[in-house]
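Asks: Would you mind keeping the following structure in view while I ask a few things?
Where a number appears in this text, it was derived from the coordinates with a stated rule and is not lab data. Predicted, not measured: the structure shown is a model, and the values here were computed from it. So basically every Cβ, Gly included, is an ideal-geometry build from the backbone, and we count neighbours across all protein chains shown.
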Amino acid sequence: MLKLATRVLGQLGSVACRELGKRRLTVSSRNLHPLIPIVVENTGRGERSYDIYSRLLKERIICLMGPVSDEMAAIIIAQLLFLQSESGKKPIHIYINSPGGSVTAGLGIYDTMQFVTAPVVTWCIGQACSMGSLILAAGTQGMRNSLPNSRIMIHQPSGGARGQASDIIIQAEEIIYLKKQINALYAKHTGKPVDFIAQHVERDHFMSPVAAKEFGLIDNVLTT
């Protein structure tokens, strides 16, 4: 039986060891939010404490909450690879509430999702915008879900070019390349033509879960 207690991780040691079956997962507590809840679990060997995200990881649940950054991508990718090493058949669940962020960081998460053999179930809670919507759509076909009051948004990549004229040209060419690449990925996962995708990403295109299902970004809208 689990009991939930809120503690300040800063009062714990700088490193907390989490034992998952016969495997051990070590997580630094220094970069975690100071008020992340701790779950205390009674076992045959006494009580064991986990931060809430490590406890969810035991259930093969990954939380992508907040902007997609290099740091966030490193954590998500590591968790995906760890769960793949545990089992290549049991589903991995990714819960997404993200405004988007770095294109390259998002593509790193995307590629890892495609690499693992375990089914990847995606869930939109709150919002899945920009790269968050691509990660949502990249889940295993038939397993891409959204809660009814979420918002989903697609658009083209953006960036601020600076420097000499030649540098600006190089950066502009890279943004155009990434735009074509991302449009092709949306087309792959929605079943829509690339030209159709290109028309809808010219500006921020917000969708309800029902509209996102019709668009092909998700498969199921959960009702409460």
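Asks: Tell me which GluC sites (Glu not before Pro) from the range 136-224 have a DSSP coil assignment and no more than 12 other beta carbons within 10 Å of their own.
Replies: Listed in order of number, the matching sites are E202.
Asks: Here is a further query. Please list, in chain and number order, the residues 5+ apart from I62 or on another chain whose amide H is under 5 Å from its amide H, with Hs placed from the backbone.
Replies: H93, I94, Y95
Asks: Here's a follow-up. For an R0 of 41 angstrom, estimate the FRET efficiency from the Cβ-Cβ distance between R48 and L178 and round to the nearest 0.05.
Replies: Efficiency computed from Cβ-Cβ geometry: 0.40.
Asks: DSSP loop trypsin sites (Lys or Arg not before Pro) in the range 128-218 with at most 15 other Cβ atoms within 10 Å of their Cβ, which ones?
Replies: R162, R203
Asks: Would you please give the residues with an amide H less than 5 Å from that of D219, counting only those at least 5 places away or on a separate chain, with H modeled from the backbone geometry?
Replies: Hits under the 5 Å cutoff: R144, N145.
Asks: Right, another one. Show the residues, 5+ positions off or on another chain, whose built amide H is closer than 5 Å to the amide H of V120.
Replies: HN-HN under 5 Å from V120: I92, T140.
Asks: If the cut-off is 19 Å between C-alpha atoms, which aspartates and glutamates fall inside it for K180, apart from same-chain ones fewer than 8 positions away?
Replies: Filter leaves D111, D195, E202, D204.
Asks: Please enumerate, by chain and number, the aspartates and glutamates with C-alpha under 14 Å from the C-alpha of K58, excluding those fewer than 8 residues away in the same chain.
Replies: Answer for K58, where 14 Å is the Cα cut-off: E19, E41, E86, listed by chain and number.
Asks: Could you give me the ³J(HN,Hα) list for the range 191-208, computed from phi with Karplus coefficients 6.51, -1.76, 1.60 and θ = phi - 60°, whole Hz, x at Gly and Pro?
Replies: x, 8, x, 4, 4, 5, 4, 4, 5, 8, 9, 4, 10, 4, 10, 8, 9, 6
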